[in-house]
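For reference, the structure discussed in these notes is given below.
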Amino acid sequence: MLDLTENPSLAPSITEARPTLPPARLDALSREIVDLKRRLNAIILAHNYQVAEIQDVADYVGDSLGLAQQAAKTSAEVIVFCGVHFMAETAKILNPNKIVVLPDRDAGCSLEESCPGPKLKALQDTNPNFYTIAYINCSAEVKALSDVICTSGNAVRIVNAAPKDRDLLFVPDENLGAWVTEQTGRPMRLWKGNCYVHVEWTHSSITRIRQQYPGAPVVAHPECTRAVRMLADEVCSTERMVAYCKASAAREFVIATEAGMLHRLRRECPGKTFIPAPTDRCRCNECRFMKMNTLEKLHDCMAKLHPRVELSSEIIERARRPIERMLEISR
Ligand code: 13P
Ligand code: SF4
């Protein structure tokens, strides 16, 4: 087992992330993006895991639920979605007549990959009484096969609202699903998928950082394993993390989620210190998919209006119903 205190290269950094662009280039690109936004009548929606430069030019930065809610109500003609592909797809499903672009078409998600539509259909065919609850981290095809969608921010509410006479099938995150069962007492059949970033934190890596910062509450995302969730003071969605840290009297927090979250937290809670939770092997708390998006790619996708999210009208129609059901229950 590595001792982080003796391996400074692996010790969590509490300094600000270094900007990835020289200041003059950053400034010029940011100005051009703001100008393009005005000319296109566009809105930039960014997930909490995006790099700092993208968060700083976005109109709205938030979690999957907040982003879906913003997409559902925007009057902008073009939606520029800085997140991963399934999030941009959700925006397109809610806005079939609008242009939805994203900086990098290849920004996927290990959870989405774990659950191909045909495999889900085959499982559903084994039990006509299944009621399928899909975490929003899945493809449009999987959404189209589901009864209702949830995010980490509303999963407990969505499961509590599920019909009592049905067998619940929760896809594709087994950790989020297990956490929701702990909260609601409702047993569910869990798909065996996980987030490759959040399963890197372990009981030992969190115990060690707790010893190093005994006064700092540990805040963890429900995609973490049970061993980590058990050690956390708060388990919640990325948006709820902001509210929790703002309201807490503590001055230091250990954060077990993707590194982009730290920028949002530092911006919203000045004077407080946020320590990225270390893993046993490395400081691998960056999602390679979320980090495919850069300020340059954001600029280019707005200038070229490409890559665009394109979906068949049949998939849009079928996937829209479970998303709208989620938005209705979350109101
Ligand atoms: P949130 O629902 O908190 O935005 O999390 C999304 C996600 O991808 C977590 O890895
Ligand atoms: Fe998917 Fe995990 Fe990346 Fe979130 S952090 S987008 S769940 S791979």
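Observations
- In region 113-134 there is no residue matching the filter, namely being in contact with a Cys (Cβ under 8 Å, 6 or more places away or on another chain) and either within 11 Å of ligand 2 (Cβ to nearest atom) or modelled with pLDDT under 95 (or both).
- Considering residues of region 229-258 that are under 16 Å from Asp280 (Cα atoms) and more than 18 Å from the chain's Cα centre (by Cα) only, the residue farthest from ligand 1 (Cβ to nearest atom): Leu231
So that you can scan it fast, the table gives a plain yes or no per residue for (1) surrounded by 24 or more Cβ atoms within 10 Å (Cβ to Cβ); (2) polar (S, T, N, Q); (3) within 13 Å of ligand 1 (Cβ to nearest atom); (4) under 28 Å from Asp167 (Cα atoms):
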{"position": "Val51", "(1), (2), (3), (4)": "no, no, no, no"}
{"position": "Ala58", "(1), (2), (3), (4)": "no, no, no, no"}
{"position": "Gly62", "(1), (2), (3), (4)": "no, no, yes, no"}
{"position": "Leu67", "(1), (2), (3), (4)": "yes, no, yes, no"}
{"position": "Val78", "(1), (2), (3), (4)": "no, no, no, no"}
{"position": "Asn97", "(1), (2), (3), (4)": "no, yes, no, no"}
{"position": "Ser110", "(1), (2), (3), (4)": "no, yes, yes, yes"}
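- Consider region 142-162 and keep the residues that are hydroxyl-bearing (Ser, Thr, Tyr) and under 10 Å from Leu65 (Cβ atoms). The one that is nearest to ligand 2 (Cβ to nearest atom) is Ser152.
- Hits in region 255-296 - residues which are within 16 Å of ligand 2 (Cβ to nearest atom) and free of Cβ contacts under 8 Å to residues at least 24 places away in the same chain: Arg288
- Summed over region 251-274, residues that are assigned to a loop (DSSP other than H, G, I, E, B) and surrounded by 15 or more Cβ atoms within 10 Å (Cβ to Cβ) total 5.
- Residues in region 294-324 that are part of a loop (DSSP other than H, G, I, E, B) and of a type outside the set (A, V, I, L, M) were compared, and the one that is surrounded by the fewest Cβ atoms within 10 Å (Cβ to Cβ) is Glu310.
- Filtered residues of region 22-72 (kept if assigned to a loop (DSSP other than H, G, I, E, B) and more than 28 Å from Pro276 (Cα to Cα)): Asn41
- Residues that are at pLDDT 95 or above and touching an Asp or Glu at 6+ places or on another chain (Cβ under 6 Å), drawn from region 274-296: Cys287, Met292, Asn293, Leu295
- Test: residue in region 98-109 that is closer than 29 Å to Gly177 by Cα, part of a helix (DSSP H, G or I) and not aromatic (Phe, Trp, Tyr): no
- Subset tally (residues that are in contact with a helix residue (DSSP H, G or I) (Cβ under 7 Å, 6 or more places away or on another chain) and either closer than 22 Å to Arg264 by Cβ or within 16 Å of ligand 1 (Cβ to nearest atom) (or both)) for region 209-228: 9
- Strands (runs of 3 or more DSSP E) wholly inside region 124-238 that include at least 2 residues being free of Cβ contacts under 8 Å to residues at least 60 places away in the same chain: 130-135, 167-171, 218-220
The values are calculated or read from the model by the stated rules, or taken from the named source; none is laboratory data. Please read these numbers as outputs of a predicted model, since none were measured by experiment. All Cβ positions, even for glycine, are placed from backbone atoms using ideal geometry, and neighbour counts span all protein chains on display.
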